[in-house]
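The values are calculated or read from the model by the stated rules, or taken from the named source; none is laboratory data. As the structure is a computational prediction, the values presented were derived from the model and not from experiment. Methodologically, a virtual Cβ is constructed for each residue, glycine included, from the backbone with ideal geometry; neighbour enumeration extends over all protein chains shown.
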Amino acid sequence: MQNEYTLTRAEKRFIGWHILVAVSALAIGSFFGPMQAFNYAGWNFYPKLRELHIAQSYYQGLTLHGVLNAVVWTTFFITGFLTFNMIYGLKRPLKYPKLNAFGFWMMVVGLVLAAIYILANKASVLYTFYPPMQAPWPFYLGLVLLVVGSWIEGYGFYFTLHQWKKDNPGVRTPFIAFASVATMVLWQLATLGVAIETLFMLLPWSMGLVKGIDIQLARTFFWWFGHPLVYFWLLPAYISWYAYLPRQAGGKLYSETMARLAFWLFILLSVPVGFHHQFVDPGVAPGWKYIHALLTLSVVIPSLMTLFTVVASLEYAGRKRGGKGLMGWLAALPWNDPVVAAQLLGGILFIFGGFGGIVNASYNTNLILHNTAWVPGHFHLTVSTAVTLTFMGISFWLVPYLTGRELCCRKAALWMVYLWFIGMAIFSQAMHSLGLLGAPRRTPLGEAPYIPAEWSGLLLRVGIGGIILFIAVYMYIWIMVHTAFFAKKATKEVEVQVAEAMTDVQLVPEWLDAWKPWLVGAVALLVVAYTPVLIDLISGMVPVVAPGMKLW
Amino acid sequence: MSSLHIDRHEKRWITISMVLLAAFAVLIGVAGFALGVQVPTLEQKVDPAKLDQDPKWSNPGVREIVPGKKYEVYIIAQTWQFTPREIVVPAGAKVTFYVTSRDIQHGFKVLNTDLNVQVIPGYVGKLSYTFDQPGEYKFICTEYCGLGHAAMFGMIKVVPPEEFGQ
């Protein structure tokens, strides 16, 4: 089947740059993840890394791993993938390609600036950069440029959609373009919090313009951003599960109406939830923490809707492929196709990530696990498996599409996704268990003097997970490098497999294609959920002066 | 406005999800606000640079309010130690902890209990617990605070009431 639309060479190259930066960040950042896991297991490579001038400490390694994997790999991959969805979905070029290019290069400049300071061990503040630990001001400026650059790419999407709507009155926005804009809207609501924290607190304070800042207030702005950030990672994976995976598996999208409703609910509900990261913070009143707990639990609804629709779509595909009986359809899915297997395996571990997420969000159950190893155990199932495996699956068709080369080493790609699944399952299960026993997160447990002997079996399993993941991630990097630059030229363009919906798209109600009511609702909810607490914190600020010492 | 078409099975699925989540919400609410399984609250705000001048904080440690029944414990976290490092309280008494930081953010978590608070300079967190069983309970720093973070911990010794104070 012919593609209905083809991107120009320049567009392909532009998206390719995004993926290149993303995969490069993953290649560097993923070196340090296993180093942490090895430290847990008692195989501490950090003294050697220090000798070789690769990393000065566990915490510099942890900062590199967190920033490069959780922020750079995701943000660049997402903006690239969404750009593809906009152009291919609307079947037209971006309205202002230069604006988007400007946004992209601003992100790159921001990244380079922040990276210089992290690599020099001057900003080993982890990816939450909690004050009053202080990095030099250009580090914070780099973060601002990274975020603002992504906003500009988002504005480029809005202009493009606006023009398309003008030219196509009454036509429902194609799902992949709609969902991409929705993801960007969510991102812009979310990043407002961290932009306020950085621009009005951290930057002036690190430049010495203000003496002290209120730490509880800074945390509150950070977590306004910090949780919806995870939905910004997740929604592009959902786009793939809703719009690509059903067709890649041989079927159709079960309900486009519900897919769209889920995205609207995410815009509405996923931002006013930050206090569930602050349940044990002294400065936020319990009543407000409980309200955010309720709002967080309500985000579970669009997630469970997604589970239903995606599974229904897959069941349809499996039965079309000859699967019979209650579970036969599942076995009939193309588990030997790396594109599909990556997404299915990511989805399976995501179910456990969802269960754990409900525990995290449940107010007082959070007392048991706040800042324990449970938390990284949890988000390695979500962002590092559901999201990352899905992105890897996407890259297995998108990169060949962009470079005009064939996916190199299909078999290795398949092995790689299964290894990732197994490694992450072992790693994450052990991390959850350690957390329940009270092991702190962000701590070189291999060196901590208070570790009871009973934990050693679990710590060893963390290390074993790390070995498997180390192998898997560099197989992926190798596959990407070869697919991008060295693999055989393809004879024809990769078929872009966007799933058809089972019912006519025009039957989707008009209010599911109208932005205003949902945006007004989202902003109103955000204002209600945050204003009283922010007024309380701002009116009683306790400015804390930086201790002025480098603690790492 | 055209109507929303939702599959019969999906309607049922969403209803079950909502009922389940509502039940969770009620349970954690009751546990928190009626049964006392509560998150930490704010006790006071205090300038971390002036802790030594604050009568409450110049001499942190255990204070007896009602012998054998009620105790207060003041703990200061700073890089990279807790003051005091060792605390002795009797079993069966209600112990209220007040925790703050002298410099940057730390964490305070007592292993094998649900005591857990983010230690934020400028803010004093308040949390309570009754240790029913005598024994040793380690408390550890759970927030990254620099190179010595992994070595930052202390010990609560819970002794039988008749041995306390001897």
(Q) So for segment A:494-508 (the condition being touching a Ser or Thr at 6+ places or on another chain (Cβ under 8 Å), under 19 Å from A:Leu261 (Cβ atoms), within 14 Å of chain B (Cβ to nearest Cβ) and part of a helix (DSSP H, G or I)), does at least one residue qualify? (A) yes
Q: Check whether at least one residue in segment A:122-141 is over 30 Å from B:His149 (Cα atoms) and either at pLDDT 95 or above or surrounded by fewer than 23 Cβ atoms within 10 Å (Cβ to Cβ) (or both), and report yes or no.
A: no
Q: Return the pairs, sorted by first residue and then second, in which the second residue is surrounded by 19 or more Cβ atoms within 10 Å (Cβ to Cβ) and assigned to a helix (DSSP H, G or I), the first residue lies in segment B:142-166 and is within 14 Å of chain A (Cβ to nearest Cβ) and of a type in the set (Gly, Ala, Ser), the beta carbons are less than 8 Å apart, and the residues are 6+ apart or on different chains.
A: B:Gly146/A:Tyr59
Q: State yes or no: is B:Arg63 touching a residue at least 24 places away in the same chain (Cβ under 8 Å) and within 22 Å of B:Tyr129 (Cα to Cα)?
A: no
**Q.** Top-ranked residue in segment A:117-156 [being under 29 Å from A:Pro97 (Cβ atoms) and of a type in the set (A, V, I, L, M); ranked as farthest from the chain's Cα centre (by Cα)]
**A.** A:Leu141
(Q) Suppose we keep only residues that are of a type in the set (Lys, Arg) and either touching a helix residue (DSSP H, G or I) at 6+ places or on another chain (Cβ under 8 Å) or at the interface with chain A (Cβ under 9 Å from one of its Cβ atoms) (or both) within segment B:90-109. Which one would you say is farthest from A:Ala218 (Cα to Cα)? (A) B:Lys109
Q. If we scan segment A:510-528, do we find a residue that is in a loop (DSSP other than H, G, I, E, B) and either at pLDDT 95 or above or buried (at least 17 other Cβ atoms within 10 Å of the Cβ) (or both)?
A. yes
Q. Within segment B:154-164, can you find the residues that are in a strand (DSSP E or B), farther than 12 Å from B:Pro84 by Cα and among the hydrophobic types (A, V, I, L, M, F, W, C)?
A. B:Val158, B:Val159
Q) Within segment A:117-127, can one find any residue that is out of contact with any Cys (no Cβ under 8 Å at 6 or more places or on another chain), in a loop (DSSP other than H, G, I, E, B) and at positive phi? A) yes
Q) Of all the helices (runs of 4 or more DSSP H) wholly in segment A:326-405, which have at least 1 residues that are within 14 Å of chain B (Cβ to nearest Cβ), modelled with pLDDT of 95 or more and more than 15 Å from the chain's Cα centre (by Cα)? A) A:338-361, A:366-369, A:374-381
Q) Across segment A:43-89, which residue is surrounded by the most Cβ atoms within 10 Å (Cβ to Cβ) among those that are assigned to a helix (DSSP H, G or I) and more than 25 Å from the chain's Cα centre (by Cα)? A) A:Tyr46
Q: Go through the residues of segment A:23-42 one by one and say whether even a single one is farther than 28 Å from A:Glu447 by Cβ, more than 14 Å from chain B (Cβ to nearest Cβ), at pLDDT 95 or above and not in a loop (DSSP other than H, G, I, E, B).
A: yes
Q) Looking only at segment A:234-286, which residues are in a loop (DSSP other than H, G, I, E, B), in contact with a Pro (Cβ under 8 Å, 6 or more places away or on another chain) and within 14 Å of A:Val310 (Cβ to Cβ)? A) A:Ala249, A:Lys252, A:Tyr254
**Q.** Hey, A:Ala317 away from chain B (no Cβ under 14 Å), in contact (Cβ under 8 Å) with a residue 40 or more places away in the chain and small (Gly, Ala, Ser) or not
**A.** yes
**Q.** Which listed residue, of B:Gly135, B:Gly107, B:Gly92, is among the small types (Gly, Ala, Ser) and within 12 Å of the chain's Cα centre (by Cα)
**A.** B:Gly107
(Q) Just the residues that are farther than 17 Å from A:Phe266 by Cα and either within 14 Å of chain B (Cβ to nearest Cβ) or free of Cβ contacts under 8 Å to residues at least 60 places away in the same chain (or both), please, taken from segment A:224-251. (A) none
Q: Give the residue, chosen from A:Thr306, A:Thr382, A:Thr372, A:Thr388, that is farther than 25 Å from A:Gly466 by Cβ and polar (S, T, N, Q).
A: A:Thr306
Q: Could you tell me which residue of segment A:511-548 is farthest from A:Ala293 (Cα to Cα), considering only residues that are without any contact (Cβ under 8 Å) to a residue 60 or more places away in the chain and facing chain B (nearest Cβ under 8 Å)?
A: A:Trp511
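So that you can scan it fast, the table gives a plain yes or no per residue for (1) facing another protein chain (nearest Cβ under 10 Å); (2) under 21 Å from B:Met155 (Cβ atoms):
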| site | (1), (2) |
| --- | --- |
| B:Leu21 | yes, no |
| B:Leu27 | yes, no |
| B:Lys45 | yes, no |
| B:Pro55 | no, no |
| B:Pro60 | no, yes |
| B:Thr83 | no, yes |
Q: Could you list, in sequence order, all residues of segment B:121-135 that are under 21 Å from A:Gly435 (Cβ atoms) and either touching a helix residue (DSSP H, G or I) at 6+ places or on another chain (Cβ under 6 Å) or more than 9 Å from every other protein chain (Cβ to nearest Cβ) (or both)?
A: B:Tyr129
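Let's see how each residue does on (1) farther than 24 Å from B:Ser101 by Cβ; (2) out of contact with any Phe, Trp or Tyr (no Cβ under 9 Å at 6 or more places or on another chain); (3) part of a loop (DSSP other than H, G, I, E, B); (4) not β-branched (Val, Ile, Thr):
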{"position": "A:Trp151", "(1), (2), (3), (4)": "yes, no, no, yes"}
{"position": "A:Gly154", "(1), (2), (3), (4)": "yes, no, no, yes"}
{"position": "A:Gln163", "(1), (2), (3), (4)": "yes, yes, no, yes"}
{"position": "A:Lys166", "(1), (2), (3), (4)": "yes, yes, no, yes"}
{"position": "A:Ile176", "(1), (2), (3), (4)": "yes, no, no, no"}
{"position": "A:Val185", "(1), (2), (3), (4)": "yes, no, no, no"}
{"position": "A:Val194", "(1), (2), (3), (4)": "no, no, no, no"}
{"position": "A:Leu202", "(1), (2), (3), (4)": "no, no, no, yes"}
{"position": "A:Gly208", "(1), (2), (3), (4)": "no, no, yes, yes"}
Q) Does segment A:435-478 hold any residues that are within 12 Å of chain B (Cβ to nearest Cβ) and assigned to a helix (DSSP H, G or I), and which are they? A) A:Gly435, A:Leu436, A:Leu437, A:Glu454, A:Trp455
Q | segment B:110-120, residues that are more than 7 Å from chain A (Cβ to nearest Cβ) and aliphatic (A, V, I, L, M) | A | B:Val110, B:Leu115, B:Val119
Q) What's the number of the condition A:Ala285 fails, among (1) of a type in the set (A, V, I, L, M); (2) within 19 Å of A:Pro246 (Cα to Cα); (3) within 9 Å of chain B (Cβ to nearest Cβ)? A) (2)
Q) With respect to the numbered conditions (1) at the interface with chain B (Cβ under 10 Å from one of its Cβ atoms); (2) in a helix (DSSP H, G or I); (3) of a type in the set (Gly, Ala, Ser); (4) over 25 Å from the mean Cα position of the chain (by Cα), which one is the sole condition not fulfilled by A:Ser303? A) (4)
